[in-house]
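Read through the structure below, which is laid out as structure tokens, and then see the notes.
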Amino acid sequence: SPTVEVESSSFQNSNISARDFWVEYKYGMNGRPSLESLEREYGTKWRLDVKFKRSDGKYSTSLKATWSYRLPIYAYMEFLIQKKGMSEDEALLSVEEIFRSNRSTKANKPNLASCKKDFVRMWGKDD
């Protein structure tokens, strides 16, 4: 199968708000395609890049690692919109609340590992 050429900077490092992450995923940013379209068109192939050694000693790729931290944001947004019937703006407010309670004091960015736990906990509240 052909190799998929994707910039190593497929993800924006400046994302702070729920809207930043969602726009990057759903619509694309700065002339780049949406992450959703990359996933739909190439599957996991677009996330293959240079391997690095993780803190647990296993090898992974930076795009894979970044994707695994961000995927719960996208999945929770889809859940709120499709299953809970929220508008995009309502869902963004809900995600932003989780971000606010898991914000890193250094960079004022959400701690995505902590957010992931909250997203998973909130999914369990399916009325």
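Read-outs throughout are calculated quantities, based only on the coordinates presented, and are distinct from any laboratory measurement. From a predicted model like this one, the values you see are computed outputs, not experimental measurements. Methodologically, a virtual Cβ is constructed for each residue, glycine included, from the backbone with ideal geometry; neighbour enumeration extends over all protein chains shown.
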Name the long-range amide H neighbours of ARG103: under 5 Å, sequence gap of 5 or more, or other chain; modelled H, no Pro or chain starts. ASN111
Would you kindly derive the ³J(HN,Hα) couplings of region 102-108 from the backbone phi angles with the Karplus curve 6.51 cos²θ - 1.76 cosθ + 1.60 (θ = phi - 60°), listing them in order in whole Hz, with x for Gly and Pro? 10, 8, 6, 6, 5, 9, 6
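Gain in length, LEU93 to VAL23, computed as 0.36 nm per residue apart minus the alpha-carbon separation, to one decimal in nm?
Net length gain for the segment: 23.8 nm.
Around ALA91, under 9 Å between beta carbons, what's the net of Lys plus Arg minus Asp minus Glu among the other residues? Write out the running numbers ahead of the final one.
On the way: positive: LYS84; negative: GLU78, GLU88, ASP89, GLU90.
Neighbour charge sum, excluding ALA91 itself: -3.
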